[in-house]
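Please read the structure below before turning to the comments.
Bear in mind these aren't lab numbers, they're just calculated from the coordinates by the rules spelled out. Note that this is a predicted model, so its numbers are computed, not measured. No Cβ is skipped: glycine too gets one built from the backbone with ideal geometry, and neighbour counts run over all protein chains shown.
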Amino acid sequence: MLIEVKYFYEKTDQDYITYNDLWANNNKRIVFLQIGFKPSEQLKCMVYQLNDDKDILSIRFPLTSEIKKNKIINKILLGKGIKYDTDKIWYPKEIWIYCPK
């Protein structure tokens, strides 16, 4: 299974506009990972958002250390996915990481 990881680095005001439009146009496909929450709360928030149309995991404003240490991200990168409902496992096709100026 291949997961495409995209980093969005905002360096100019135009970058902000471009990325904001891209994210808004794909909002129905996105599941947000809430940075700064406990892992159990992150998982709870993600599971609440999941459905069959969602195929992008997005992370906004993360620290590098948060990405490296996050259990959910590591589980996905290891191909284990996120279990939800009683018998479903979610595997995103893409991970979008947004980094501001």
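Between ILE82, TYR9, PHE61, the Cα set farthest toward the positive side of the dipole of the stretch 4-99 (charges on each charged residue's Cβ, about the Cα centre) is that of ILE82. A Cβ-based charge dipole, computed about the Cα centre of the chain with Lys and Arg at +1 and Asp and Glu at -1, lands at about 460 debye. Computed over the stretch 53-95, the Cα gyration tensor eigenvalues convert (square root of 5λ each) into semi-axes of 20, 12, 8 Å, ordered from largest to smallest. Less than 5 angstrom separates the built amide H of VAL5 from those of ILE95, all sequence-distant by 5 or more or on a different chain.
Once the Cα atoms are used to define both axes, helix 39-49 deviates from the longest principal axis of the chain by about 90 degrees.
Relative to the longest principal axis of the Cα atoms of the chain, helix 13-25 runs at roughly 30 degrees. For Rg and Dmax of the Cα atoms in Å, the candidate list reads (1) 14.3, 50; (2) 13.5, 44; (3) 12.9, 43; the entry that matches the value derived from this model is (2).
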